[in-house]
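Step one of this worksheet: look at the structure below.
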Amino acid sequence: MDIQSTLKLVTVYAIPVIFAITLHEAAHGYVAKRFGDNTAYVLGRVSLNPARHIDLFGTVIFPLLTLFLGGMLFGWAKPVPVNQGQLREPRRHMIWVVLAGPAANFLMALLWALLLRILFSMGETQGFLWEVSRAGISINLILMVLNLLPIPPLDGGRVLMNIVPLKTENLLARIEPYGIWILLALLLTGVIQPVIGAGINFFFELILKIVFFKL
């Protein structure tokens, strides 16, 4: 990939990536606050300011490397701190807290799809906003599906930890520090791509049905 193509790609993806990460993380903190934990709110993480959520390596450097290498765009933000013990019903409410992030990504993908439909109805099928909207759909669906994988510390893994018996939860907690490396290994070996692809296709078809009123 040449420099000019890379810069164009970065320009197109920058806005969707920033929105996807910011709203994903803010959603975790907002729902935690609703259920009794003010930790993220006190630390200023229930915010739409991207600077509060961006991790230099995970949000900037690593995604750029994946773009240069031609792989699946992948990255992460600073995790929103949640004190599960402060939630009114710790295990049940924690499930809603962790699902808030993927739900925010689904909503954003839907909004980008609606913008794409408006542009299409106006006869616009190319240009910067068209490309940004397409990127917005793909980025949010990738981020949502990746986070729903049942691998701690991903959101799906945290849901799993709060529905299994406590003995199993303790086992998963010991795996959690290595979760990101397990995910990277699965991505590099290609083992998990069919699952991710199937999930993205499912939610993409669902969004198309909603946007075009074909439910």
message: Let me spell it out: the conditions are (1) polar (S, T, N, Q); (2) modelled with pLDDT under 85; (3) surrounded by 14 or more Cβ atoms within 10 Å (Cβ to Cβ), and residue 11 meets all of them except one. Which number is the exception?
response: (3)
task: Enumerate the pairs (first residue in region 147-172 and open to solvent by 50 Å² or more (accessible area, probe 1.4 Å); second residue anywhere and part of a loop (DSSP other than H, G, I, E, B) and among the hydrophobic types (A, V, I, L, M, F, W, C)) with beta-carbon separation below 8 Å, excluding pairs fewer than 6 apart on the same chain, so at least 6 apart or on different chains.
output: 148/154
message: For the structure I just gave you, tell me whether residue 68 is closer than 21 Å to residue 184 by Cβ, more than 20 Å from the chain's Cα centre (by Cα), open to solvent by 50 Å² or more (accessible area, probe 1.4 Å) and modelled with pLDDT under 85.
response: yes
- line: Reported set for region 187-215 where residues are among the hydrophobic types (A, V, I, L, M, F, W, C), more than 18 Å from the chain's Cα centre (by Cα) and at pLDDT 85 or above is 191, 208, 210, 211
- request: Determine which member of the set 107, 119, 87, 111 is at pLDDT 90 or above and more than 30 Å from residue 162 (Cα to Cα).
  value: 111
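Yes or no, residue by residue, for (1) open to solvent by less than 40 Å² (accessible area, probe 1.4 Å); (2) farther than 20 Å from residue 104 by Cβ:
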position	(1), (2)
126	no, yes
197	yes, yes
202	no, no
211	yes, no
task: Determine which single condition residue 88 fails, assuming it passes every other condition in (1) within 24 Å of residue 184 (Cβ to Cβ); (2) among the charged types (D, E, K, R); (3) without any contact (Cβ under 8 Å) to a residue 60 or more places away in the chain.
output: (1)
task: Just give me the residues in region 173-195 being farther than 28 Å from residue 138 by Cα and open to solvent by less than 50 Å² (accessible area, probe 1.4 Å), in sequence order.
output: 173
- request: Take region 28-43 and flag every residue that is out of contact with any Pro (no Cβ under 7 Å at 6 or more places or on another chain) and open to solvent by 20 Å² or more (accessible area, probe 1.4 Å).
  value: 30, 31, 33, 34, 35, 36, 38, 41, 42
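The values are calculated or read from the model by the stated rules, or taken from the named source; none is laboratory data. Values in this document were obtained by computation on a predicted structure and should not be read as measured data. Note that each Cβ is placed from the backbone with ideal geometry, even for glycine, and that neighbours are counted across all protein chains shown. Side chains included, ligands, DNA and RNA excluded: accessible areas come from the protein's heavy atoms. Shrake-Rupley method; radii C 1.70, N 1.55, O 1.52, S 1.80 Å.
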